[in-house]
Structure formats: C-alpha cells, structure tokens
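Okay, so here's the structure we're looking at.
The values are calculated or read from the model by the stated rules, or taken from the named source; none is laboratory data. None of the values given here were measured: they were computed from a predicted structure. Using ideal geometry, Cβ is built from the backbone for each residue, glycine included, and neighbour counts are taken over all protein chains shown.
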Ligand code: AMP
C-alpha cells in the first residue's frame, strides 16, 4: 500500500511516500519512495524539496500561498520525479497529530467524531493541532475517497498511570482543565522500543526499557513490557530534560520571582522558557549541540556548563526510571544528539556501573548515525543507539488502521 505521511506545521508540510504492507512490516522491508518538504508556505519564496532515493534532492523556490497549493505542488513534484504516476496511487494518508489528549491511546481513522476530538485537543496544543488538522482538510478535499489516519505524539503515553501523570495540584484542575502529564515524542519512543525488541528477538512483554530521545526537543520514557509507564515531558513539551531552547524541569516559584523582578508578562515568560532557555540559555551561544561541543573543546566555560547540565539531567532520569521500572534490560539513545554524539552518551552514562550500565568506548565512538550496541559485553543493560523513524511508524499504523488490524503499542 502506498501511503502519504504528512507532518504539517505552521508554515510547512513535511511529507514522505512510503510503501508498506503486512509482509514488509514483518520483514522490515518497507520502502521510502520519496521524502520532501514545503517550507515558508504563505510567501512567494516558498521552497519545495523532494528526494527520491537514490537521486539527489531537487529544490525549487516559488510562490506557494496556502496549504492547498503546497500539497498540490508536493504531489506534482512526486509525479515529476516518477515516485508517483498519479495521485490515485496514494491509498491512504497518515497524519502526525501532536495532541490526542485523553481521547486517543492509539492511531485511528479520522471521521467526524475523531476530527471533533482533535479539535477539542487544540486548546492543549494551539501551536500544533490546528495545523495538523489543516493538513487533513486539504488532503480530504484532494482525495475524498482515501482513508486518513491520525497518529498522535501523546497516544503511547496514555498508559502512564495516575501516580506518574498527576501533578500535586488541587485535583479540581485535573477535572476542570485536564492538567496532567501527557508526554510527547510517543511515536519515536514506541518505534525505538519496537526496534530494540526486534533486534534482540524478544516479545515486548519480555523487556523493560529506558528510551532517550535527544534532539532539539528531548524526552525520556520508562517502558515496562512495551507500555509507557512514565515520561519526562508533561502537560506541555517544556518539562523534563534540558533542551535546545527549553528549560525542562524548574521550580515554578522561580518563574513568579523572575516575572515580578523583571516585570515580565505571561507572554514574555513563555517566550523566555521556550526560546531563550535550555542549552542556548546556559551557554548564551547556541542551541546546537555541535556548536557547544566545539566551543567547549576551545575552552568555553559556559558551553561546557550547558553540556554538563544536559548530561546530568539525563543521568538523573536514568536513575529515576530504573527505580520506577524495578528491572531494566535496555537503554536506547535516539534523535539528533542521541544518534550522533558519542561524548554525550558517555557523559550521561558515566558512573552508572552500579545500575548495570557500562559503555564500550570503541563501540560508542564507532556508532554514529546508525544502529548499534554501545555497551560492553560485561554490561548488564544492553545500551543501544537506534535511529528513530517516526514516519515509518506513522505509515505502518496507517496501514494497520485502514486494514482493521490492531496497532501494537
Ligand atoms: P533533531 O531535533 O533530532 O533533529 O536533533 C537536533 C539536534 O541534534 C541539534 O542539537 C544538533 O546539534 C544535534 N546533532 C546533530 N548531529 C550531531 C552531532 N554529530 N553531534 C552532536 N549533536 C548533533
């Protein structure tokens, strides 16, 4: 089945055309036929990038004023590059939807009720859900007969029990405003857990894992027998680890203090926490780990400090989730930093021998941007690098939902 996977943002559409079916899923032989993006939609300088492996990326700059035009151009580009003979070859569309609230614990075919529930969740993700829905409206219009499936970032974490998802606020806030931990990056955590089980030939009930998605946004998840039982992001993607520009865990009283001292508005404070904190905030220099590693190597103390805080926080969550799980079989690093930075993995795991974690430095150094084990033979936990592939999981979920097959967590 040829599936168009869409990730629609405020002014961009990222897309992949993936071919999958039950045998391909079993054999891990699904095919990414094309991938691309339309950026800066709404301007006369929008860029359209399409890559059809093994050919190089083709990029054009043109006027693309709305999503409708963006999708039309993306499909035309897929045809021009021979990835698609005609739009009628697209048999299903899978949409990344950021927030499924407490409505969705799995991927679903979008119908009127689902659409309404996604709209209800927009209040919890005002910067994402409306754009995700816009993608749905456009594809529904262009391909009215084609089934469309929503795959939620939050769905995997709906198994997190109340002891881990409730905040210590008056319970009425949970009842009235649904304030609780939702967690994000669920599709990524789920994908790397699936890969871990596959690599080691284990049923998902047979292994407990800690997964670390370390990209521009960062989160960690404790996975017991295939189910998320705790995760570091919370009501919003701001909680937990230190991130590129987000602060992660913080004493909420510090925010009131800063606001009163500097006379900041709610909007100012939100901008400070989202855009000017994290690695960028501490280093005062960059949110990009590559820049900070280079600066630290040159002796830049602020960059070194930012890296130290980043790694310490990961280490602390490994400890916390070891306690939550009781027994851990594997630790997985993924996303931009997790996949590509051996020194960060070393620092985050340093001193954790008591928890059964021993890194083999040669394996660690050799595992950059690819799947591989980085723990030593003596390590009790298998420590793995597994490149994430959220689009592939969206395509697989879409296939299974359309065929009426259960979607394994
Ligand atoms: P993502 O959000 O998954 O695309 O990850 C983005 C982050 O990955 C940025 O902080 C990049 O600096 C980081 N990253 C990418 N490549 C490397 C690398 N080779 N070493 C360290 N960090 C990297």
task = Would you tally the residues in the range 268-283 being within 20 Å of the chain's Cα centre (by Cα), surrounded by fewer than 20 Cβ atoms within 10 Å (Cβ to Cβ) and more than 16 Å from the ligand (Cβ to nearest atom)?
result = 0
remark   = Picked from the range 386-405 (must be in contact with a helix residue (DSSP H, G or I) (Cβ under 7 Å, 6 or more places away or on another chain) and outside any helix (DSSP H, G or I)), the residue surrounded by the fewest Cβ atoms within 10 Å (Cβ to Cβ) is 387
message = Checking the structure you have, find out if any residue of the range 302-313 is within 16 Å of the ligand (Cβ to nearest atom), modelled with pLDDT of 95 or more, outside any helix (DSSP H, G or I) and under 24 Å from residue 378 (Cβ atoms).
response = no
inquiry  = Among the residues that make up the range 96-116, is at least one of them assigned to a helix (DSSP H, G or I) and in contact (Cβ under 8 Å) with a residue 12 or more places away in the chain?
reply    = yes
query = When the range 135-158 is examined, which residues are found to be in contact (Cβ under 8 Å) with a residue 12 or more places away in the chain, over 23 Å from residue 219 (Cβ atoms) and part of a loop (DSSP other than H, G, I, E, B)?
reply = 143, 146, 147
query = crowded, with 18+ Cβ neighbours inside 10 Å, part of a helix (DSSP H, G or I) and within 16 Å of the ligand (Cβ to nearest atom), is that true of residue 318?
reply = no
Evaluation of residue 117 against (1) closer than 15 Å to residue 178 by Cβ; (2) in contact with a helix residue (DSSP H, G or I) (Cβ under 7 Å, 6 or more places away or on another chain) (one fails), failing number = (2)
request  = Sort out for me the helices (runs of 4 or more DSSP H) sitting completely within the range 159-267 that have 3 or more residues that are surrounded by 18 or more Cβ atoms within 10 Å (Cβ to Cβ) and within 16 Å of the ligand (Cβ to nearest atom).
outcome  = 186-199
key: Residue list for the range 362-385, restricted to those being more than 16 Å from the ligand (Cβ to nearest atom) and either buried (at least 19 other Cβ atoms within 10 Å of the Cβ) or outside any loop (DSSP other than H, G, I, E, B) (or both)   = 362, 363, 373, 375, 379, 381, 382, 383, 384
ask   = residue 327 passes all but one of (1) without any contact (Cβ under 8 Å) to a residue 40 or more places away in the chain; (2) outside any helix (DSSP H, G or I); (3) loosely packed, with under 15 Cβ neighbours inside 10 Å; (4) away from the ligand (no atom under 15 Å from the Cβ); which number fails?
value = (1)
query = Which of the residues that make up the range 330-361 are free of Cβ contacts under 8 Å to residues at least 40 places away in the same chain, under 21 Å from residue 294 (Cβ atoms) and assigned to a strand (DSSP E or B)?
reply = none
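Which one is surrounded by the most Cβ atoms within 10 Å (Cβ to Cβ), of the residues in the range 333-346 that are under 17 Å from residue 312 (Cβ atoms) and within 12 Å of the ligand (Cβ to nearest atom)? Even if it seems obvious, please write down each step before you answer.
Taking the range 333-346 and keeping what is under 17 Å from residue 312 (Cβ atoms), we get 333, 337-338, 341, 343-346.
Adding the requirement that they be within 12 Å of the ligand (Cβ to nearest atom) leaves 333, 337-338, 341, 343-345.
Details: 333: 29, 337: 26, 338: 25, 341: 21, 343: 15, 344: 21, 345: 26.
Going through the qualifying residues, I end up with 333.
Listed residues 126, 170, 144, 161; which is farther than 19 Å from residue 394 by Cα and touching a strand residue (DSSP E or B) at 6+ places or on another chain (Cβ under 8 Å)?
Details: 126 fails: touching a strand residue (DSSP E or B) at 6+ places or on another chain (Cβ under 8 Å); 170 fails: touching a strand residue (DSSP E or B) at 6+ places or on another chain (Cβ under 8 Å); 144 fails: touching a strand residue (DSSP E or B) at 6+ places or on another chain (Cβ under 8 Å).
161 is the lone residue from the list that is farther than 19 Å from residue 394 by Cα and touching a strand residue (DSSP E or B) at 6+ places or on another chain (Cβ under 8 Å).
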inquiry  = Of the residues 259, 269, 289, only one is farther than 26 Å from residue 311 by Cβ, touching a helix residue (DSSP H, G or I) at 6+ places or on another chain (Cβ under 7 Å) and touching a residue at least 12 places away in the same chain (Cβ under 8 Å); which?
reply    = 269
